[in-house]
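The values are calculated or read from the model by the stated rules, or taken from the named source; none is laboratory data. What you see is a predicted model, and the numbers here were worked out from it, not measured in a lab. Cβ placement follows ideal geometry from the backbone for every residue including glycine, while neighbour counts extend to all protein chains displayed.
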Amino acid sequence: MTKITMVALAAVLCVALTAPAFAQSAGAGSQVQGQATGQAVVKETQAGVAADAQAEASAQAELEARKTLMAIKDKGARVSTEARAKADAKLAAAAKKTDEEARARGDAKVAARLAAEFDMTAEALMAEKQTLGCSWGELMIAHSLDANTTTEITVAQLFTLREEGTGWGQIAAGLGLKLGDAVSAAQAEARVAAGLAKPDGKVAVIHGEGARAGIAANAGANAGVHAGGVRAGAQTGVGAGVKIKP
């Protein structure tokens with residue numbers, strides 16, 4: 001046997017001996033790759049299911065919130081046009097006084113006074129005003145109504161009604177609050193905003209079949225419940241940011 005033949009034979013034997021190892025390694029690699037692919041598919045499927053569930057929950061919340069808003073509009077519309085118009089005029093006057101104070105003394109001063117009344121920080125209230133794009137007077141009225149009502153609704157959702165052309169008088173009546181009390185409450189809070197009354201964290205009481213019990217003691221805390229979630233209803237759908245009242 002020549003030297004060349006012996007070298008060739010050795011090469012063949014080497015290939016024969018290493019082939020099973022290569023095959024085993026390739027098989028293991030394929031198995032690992034298959035497992036990784038399977039895990040990725042499972043994760044992707046789980047993520048899709050979770051996203052669908054979240055979307056369905058959001059859609060349901062949106063629907064329920066819209067029903068609530070329509071119920072408020074319909075109920076408020078049953079109050080006489082004259083009564084609503086009188087309430088709207090007086091509420092607008094209270095809001096105007098608050099806005100005039102803000103122009104004269106500055107936003108920070110009014111924000112600090114109202115924030116103390118509604119149990120919020122001035123920064124949170126100013127951010128809410130900016131996000132909602134409303135006046136100080138309108139924001140004062142919204143918080144006053146929101147703090148008094150048992151209806152599951154947010155300040156942002158009240159402004160959704162306002163954007164749809166619903167007056168504060170109709171909104172107050174739709175929440176089951178007495179219009180005369182709503183006007184008196186707004187006037188009282190306007191005095192707080194103007195520095196004529198000291199904020200005490202107790203929002204002026206509004207009576208009515210839709211009013212909360214014991215409001216004088218804890219309305220401020222309730223008014224600030226969703227200060228951090230401002231404009232959720234108006235920006236991402238009326239179902240967002242729905243709060244739960246005690």
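Have a look at A47, A59, A53, A65 and point out the one that is modelled with pLDDT of 60 or more and either among the charged types (D, E, K, R) or closer than 30 Å to K178 by Cα (or both).
Working: A47 fails: either among the charged types (D, E, K, R) or closer than 30 Å to K178 by Cα (or both); A59 fails: either among the charged types (D, E, K, R) or closer than 30 Å to K178 by Cα (or both); A53 fails: either among the charged types (D, E, K, R) or closer than 30 Å to K178 by Cα (or both).
Every option except A65 fails the conditions.
Take the stretch 176-199 and flag every residue that is more than 18 Å from G210 (Cα to Cα) and surrounded by fewer than 24 Cβ atoms within 10 Å (Cβ to Cβ).
Taking the stretch 176-199 first, the residues more than 18 Å from G210 (Cα to Cα) are 187-199.
Passing the criteria: Q187, A188, R191, V192, A194, G195, L196, A197, K198, P199.
Go over the candidates A122, A65, A111 one by one and state the one that is buried (at least 22 other Cβ atoms within 10 Å of the Cβ), free of Cβ contacts under 8 Å to residues at least 40 places away in the same chain and among the small types (G, A, S). Write out each step before concluding.
Values: A122 fails: buried (at least 22 other Cβ atoms within 10 Å of the Cβ); A65 fails: free of Cβ contacts under 8 Å to residues at least 40 places away in the same chain.
It is A111.
Please specify each residue of the stretch 164-189 satisfying the condition of being under 18 Å from E128 (Cβ atoms) and either small (G, A, S) or out of contact with any helix residue (DSSP H, G or I) (no Cβ under 7 Å at 6 or more places or on another chain) (or both).
Residue satisfying the conditions is A186 alone.
Has the stretch 87-95 got at least one residue that is touching an Asp or Glu at 6+ places or on another chain (Cβ under 8 Å) and assigned to a helix (DSSP H, G or I)? Quick ask: steps written out before the conclusion?
As a first pass, look at the stretch 87-95 and keep what is touching an Asp or Glu at 6+ places or on another chain (Cβ under 8 Å): 94-95.
Retained after the next criterion (residues that are assigned to a helix (DSSP H, G or I)): 94-95.
Within the stretch 87-95, one or more residues are touching an Asp or Glu at 6+ places or on another chain (Cβ under 8 Å) and assigned to a helix (DSSP H, G or I).
Provide a single number: the residues in the stretch 79-91 that are out of contact with any Gly (no Cβ under 8 Å at 6 or more places or on another chain) and touching a residue at least 40 places away in the same chain (Cβ under 8 Å).
Taking the stretch 79-91 and keeping what is out of contact with any Gly (no Cβ under 8 Å at 6 or more places or on another chain), we get 80-82, 89-90.
If we keep only those that are touching a residue at least 40 places away in the same chain (Cβ under 8 Å) too, we end up with 90.
Summing the residues that are out of contact with any Gly (no Cβ under 8 Å at 6 or more places or on another chain) and touching a residue at least 40 places away in the same chain (Cβ under 8 Å) in the stretch 79-91 gives 1.
Just name the residue that is nearest to D119 (Cα to Cα) out of those in the stretch 165-210 that are small (G, A, S) and touching a strand residue (DSSP E or B) at 6+ places or on another chain (Cβ under 8 Å).
Within the stretch 165-210, the subset small (G, A, S) is 165, 167, 169, 172-174, 176, 180, 182, 184-186, 188, 190, 193-195, 197, 201, 204, 208, 210.
Imposing the further condition that a residue be touching a strand residue (DSSP E or B) at 6+ places or on another chain (Cβ under 8 Å) reduces the set to 176, 210.
Working: G176: 24, G210: 22 Å.
Result: G210.
Of the residues T131, T121, T98, which single one is modelled with pLDDT of 95 or more, over 21 Å from the mean Cα position of the chain (by Cα) and not aliphatic (A, V, I, L, M)? Quick ask: steps written out before the conclusion?
Values: T131 fails: over 21 Å from the mean Cα position of the chain (by Cα); T121 fails: over 21 Å from the mean Cα position of the chain (by Cα).
Result of the check over T131, T121, T98: T98.
Yes or no: A173 buried (at least 19 other Cβ atoms within 10 Å of the Cβ), in contact with a Gly (Cβ under 8 Å, 6 or more places away or on another chain), modelled with pLDDT of 95 or more and more than 24 Å from K75 (Cβ to Cβ)?
Numbers: buried (at least 19 other Cβ atoms within 10 Å of the Cβ): yes; in contact with a Gly (Cβ under 8 Å, 6 or more places away or on another chain): yes; modelled with pLDDT of 95 or more: yes; more than 24 Å from K75 (Cβ to Cβ): no.
When the stated conditions are applied, A173 does not pass them.
Can you give me the ranges of the helices (runs of 4 or more DSSP H) entirely in the stretch 100-183 with at least 1 residues that are under 28 Å from A71 (Cβ atoms) and in contact with a Leu (Cβ under 7 Å, 6 or more places away or on another chain)?
Numbers: elements: 107-117, 122-132, 136-148, 155-163, 168-174.
The qualifying helices (runs of 4 or more DSSP H) are 122-132, 136-148, 155-163, 168-174.
May I ask you to verify whether K75 is over 26 Å from the mean Cα position of the chain (by Cα), surrounded by 11 or more Cβ atoms within 10 Å (Cβ to Cβ) and within 30 Å of V192 (Cβ to Cβ)?
no
Here are some conditions: (1) at pLDDT below 95; (2) surrounded by fewer than 19 Cβ atoms within 10 Å (Cβ to Cβ); (3) in contact with a Gly (Cβ under 8 Å, 6 or more places away or on another chain); (4) in a helix (DSSP H, G or I). Q235 meets all but one. Which one does it not meet?
It is condition (3) that Q235 fails.
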